[in-house]
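Got a structure for you, questions after.
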């Protein structure tokens, strides 16, 4: 049957059906969950990129002269290592700035025994490179500490990965709930139109012909609801992103959605429509198989 | 003429009740006209339901268009049903479709392109005298008009067999005669016609018709050789 005639066979009175609202709400919530997941995954990746292969060498010595001499030796040694791509001593002004939240202006006191700190970037991220650097540093400054940034931030990274998995779980649950709603709606529709379907059956309609009628109807409801839900969700996501960017946090800025993430979000309404159509078709075909 | 339908010792039981039809055996020849008579509750509608594949028998063999209809797989049923036109006792028109669309439904189900529907549907509307009522919904049609729409819908796809359940039950005698003429015209075009009725006056209208009589779920002449007019001993 043509689409125009399919539209006429089931009584499709105008107006928005409950199914449309359900699809709009489902898709709205799913897209928010997906955006959260994609954002946290992006932030976790950005964090990994920032921290991977970065070290800080601390030289702790109460005597400022010995400390500065050790720092100079460590700097010179690090510059000779092939694993090291960048090395820079953290200057006194920067250390004072970092200490200000805890010590206030006292942090600027030249008599304060502040450790010398050296930032190191490695070409690789493997443990062997870190171990080689640590050996070389301790060779010239036995009391120096070598800290991997990755070690400090791994709990944060872990939380972000958990959030990503949680968001994925929510997306899958919402998809399942949507399919369940479609199944219920299709069964209700089958009951409502039972008389018409029986007539069509006796006229020689196949199960797929009958299923197509419902599939088409569900697709229209899902499309209208999907566009509405997706539109509102995108507006909310943009608003949240704008506010997060205003915070100036490097970590949160890493959670900005990429073009791939937007494409994924954009594909979700289409995915939902397809899911709804498949669920409707499967329900109707299964129900029809119980008849002769 | 070849046999289009063959029943052999067919029985039908709904759930666990007594048999509604018992030991039904008969043969319908292609292109013939049959009346199925019997009192209310004799099993006419059940027998017709077996004929138009709305029901499988509890036992026995049914051969339809040369194939075993009892063992017919579900996916082949639609193809068989398209070869049978059915006029239901309660018409079963689709209430939100116009007369035009109700009549066009079998052609659409069969996959005919929309552009090709116009001619056969309008021919059929003219044949049943409903051209002026093409856009009317069933609820606005009289009983006789609805009956004619149901008949037009049953025959538009030129079925090999037409099955009609009490097609004149809801119309006045004049309309009943007109409808019977429609069936007769169709029969002359080669369609096998089976009309279930308890109106014995109708039987006189088609002299060439054969008659099958049901009584309490049994065919009165199990040989299937009853000819019109019925023998006096078998007259209900």
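Bear in mind that the values in this text are calculations on the coordinates, not laboratory data. Small disclaimer: the values here were computed from a predicted structure and weren't measured. Every residue, glycine among them, receives a Cβ derived from its backbone with ideal geometry; neighbour counts consider all protein chains shown.
Return the percentage of antiparallel bridges among DSSP beta bridges fully within region B:1-218, rounded to the nearest 5 %.
Taking every DSSP beta bridge within region B:1-218, about 45 percent pair in antiparallel fashion.
Further question on the same structure: In nanometres, what is the gap between the two model label sites at residue B:139 and residue A:161, each 7 Å from Cα along Cα-to-Cβ?
Placing both labels 7 Å along Cα→Cβ, they lie 6.3 nm apart.
Now, a different point. Once you put a point 7 Å from the Cα of residue A:227 and another 7 Å from the Cα of residue A:105, both along the Cβ direction, what distance in nm separates them?
With each label placed 7 Å out from Cα toward Cβ, I get 6.4 nm.
Please state the relative contact order of chain B as a whole percent: Cα pairs under 8 Å, 6+ residues apart?
Relative contact order here is 30 percent.
Between residue A:21 and residue A:191, what is the FRET efficiency for a Förster distance of 22 Å, r being their Cβ-Cβ separation, to the nearest 0.05?
0.60
Also: Give the average, rounded to an integer, of partner chain Cβ atoms located within 10 angstrom of each Cβ in B:89-99.
Mean inter-chain Cβ contacts per residue within 10 Å come to 3.
Let me ask another. Taking R0 as 51 Å, what's the FRET efficiency between residue B:181 and residue A:274 from their Cβ-Cβ distance, rounded to 0.05?
Working: r = 53 Å, r/R0 = 1.03.
With R0 = 51 Å, the Cβ-Cβ based efficiency is 0.45.
Right, another one. Please check which bits of region A:134-162 a label hung off residue A:94 would reach, taking the label as a point 7 Å along Cα-to-C-beta and the cut-off as backbone N under 11 Å.
Answer for this model: none.
I would also like to ask the following. Within 10 Å of each residue's Cβ, count the other Cβ atoms and sort A:152, A:262 from fewest upward. Working shown, then result.
Details: A:152 11, A:262 14.
Final ranking by Cβ density, sparse to dense: A:152, A:262.
Okay, helix-only estimate at 222 nm for chain B: each DSSP H run of n ≥ 4 adds -39500 (n - 2.57), divide by all residues, round to 500 deg cm²/dmol; what do you get?
Values: 7 runs with 67 residues, N = 236.
One gets -8000 deg cm²/dmol as the mean residue ellipticity at 222 nm.
Per the Debye formula with a single identical scatterer at each Cα and no solvent contribution, what log10 I(q)/I(0) holds for the protein assembly as shown at q = 0.09 Å⁻¹?
Here the Debye-derived log intensity ratios amount to -0.78.
Per residue of B:108-115, what is the mean number of Cβ atoms on other protein chains within 10 angstrom of that residue's Cβ?
The shielding value for this peptide is 5.
For residue B:172 and residue B:114 in the same chain, what is the full-extension length gain: residue separation times 0.36 nm, less their Cα-Cα distance, in nm?
Roughly 17.3 nm would be gained on extension.
Whole Å is fine, so just give me how far the alpha carbon centre of region B:3-66 lies from that of region B:112-169.
26
I would also like to ask the following. Order A:110-121, A:236-247 from most to least packed using the mean count of other Cβ atoms within 10 Å.
Packing proxy ranking, top to bottom: A:110-121, A:236-247.
Pop a pseudo-label 7 angstrom from the Cα along the beta-carbon direction at both residue A:145 and residue A:240 and give the gap in nm to one decimal.
Once both label points are built, they end up 3.7 nm from each other.
Find the relative contact order for chain A and round it to a whole percent, using C-alpha pairs within less than 8 Å whose residues are 6+ positions apart.
36
I would also like to ask the following. Would you list the P(r) distribution for region B:1-103, with all Cα-Cα distances sorted into 5 Å bins from 0 and each bin expressed as a whole %?
Values per bin, smallest distances first: 2, 11, 20, 22, 20, 13, 8, 4, 1.
So, one more: Normalised by the residues of region A:212-292, what does the relative contact order come to in percent, with Cα pairs under 8 Å and at least six apart?
Computed value for region A:212-292: 60 percent relative contact order.
Set the Förster distance to 41 Å, then compute FRET efficiency between residue B:204 and residue B:61 from the Cβ-Cβ distance, nearest 0.05.
Computed FRET efficiency for residue B:204 and residue B:61 comes out at 0.75.
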